[in-house]
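Asker: To start, I am sharing the structure in question, which I have written as structure tokens.
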Amino acid sequence: MSERQVTQEFGGETLSHVLVPGGSSARGTVIIVPTVMGVQELELGFARRLSDLGYTCLVADLFGRRFKLGVNKDEAFAAMGRLRADRAALRDRLLAIFARTQVQEGVDPVRIAAVGYCFGGQCVLDIARSGADLSGVASFHGLFDPPGLPPQPIKAKVAAYHGWDDPMVSPEAVVALGNELTAGGADWQIHAYGHVGHGFTNPRAGAMGIAGVDYNEAAAHRSWTSLVHFLDELFG
């Protein structure tokens, strides 16, 4: 099977996800939720690397459009702001994408994880917070603020990879996430990288021109290695 689009209607928008197959006997499926810039070569590259390890990946389109790096930053942030303004509706959107993934050819519906970056990192935490029955979630330089919705028992294992100097997530927010995950009964881990800011997995993060947002090669390597071990734990 080759890479293909998976379309979905939600909220009057057509979402165009990208499915990257992991072979005839995939170990599991990983939903990849992108940064504020939506589906880009960055996330497709992560999906292809995971495909090489035997995982089928669905790179999720949250916005119903593609943004051009260096051109559509303002539009992308506005689109993210619209979704973040209603976290209940955002959760419904994410769960609809989860359900769409479950019915794809070659996907075992009980062997699915979700991995997210920046805004996508918050999204995968929100999937876990919903009580969805998925294997695990991994948040890379994600936003940690809770959705303000009634808490549910957290079934998914949770890993979070965080730059300690991230200007968007305070140390207090990290502690609060740990307390929240503990209260939800989650099996959780948080990895913090010193002298590292936001967006550390993205070699082009510095081009955003936002203070405290930049690539960090060491943190990118360490967090990817940890993700591989986390997926091994989830799927064997």
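The values are calculated or read from the model by the stated rules, or taken from the named source; none is laboratory data. For clarity, every value in this text was computed on a predicted model and none was experimentally measured. Positions of Cβ are backbone-derived with ideal geometry, glycine not excepted, and every protein chain shown enters the neighbour counts.
Asker: Can you pull out the residues in region 13-27 that are modelled with pLDDT of 95 or more and either among the hydrophobic types (A, V, I, L, M, F, W, C) or at positive phi (or both)?
Answerer: The answer is 15, 18, 19, 20.
Asker: Name the strands (runs of 3 or more DSSP E) wholly inside region 1-48 in which the number of residues that are under 18 Å from the mean Cα position of the chain (by Cα) is 2 or more.
Answerer: Answer list for region 1-48: 13-20, 28-33.
Asker: A further question follows. Mind checking which residues of region 145-165 are under 14 Å from residue 177 (Cα atoms), outside any strand (DSSP E or B) and among the aliphatic types (A, V, I, L, M)?
Answerer: 154, the sole residue that qualifies.
Asker: Take the residues of region 194-214 that are without any contact (Cβ under 8 Å) to a residue 12 or more places away in the chain and assigned to a helix (DSSP H, G or I): which is farthest from the chain's Cα centre (by Cα)?
Answerer: Residue satisfying both the conditions and the ranking: 206.
Asker: Within region 67-144, considering only helices (runs of 4 or more DSSP H) that don't extend past its boundaries, which have at least 2 residues that are of a type in the set (A, V, I, L, M), touching a residue at least 24 places away in the same chain (Cβ under 8 Å) and farther than 15 Å from residue 32 by Cβ?
Answerer: On the way: elements: 73-84, 87-102, 119-129.
Filter on region 67-144 gives 73-84, 87-102.
Asker: State whether the residues of region 175-190 include one that is farther than 19 Å from residue 42 by Cβ and charged (D, E, K, R). Before you say what the answer is, go through the steps one by one.
Answerer: Keep residues of region 175-190 that are farther than 19 Å from residue 42 by Cβ, which gives 175-190.
Restricting the remaining residues to those that are charged (D, E, K, R) gives 180, 187.
Yes, region 175-190 contains at least one residue that is farther than 19 Å from residue 42 by Cβ and charged (D, E, K, R).
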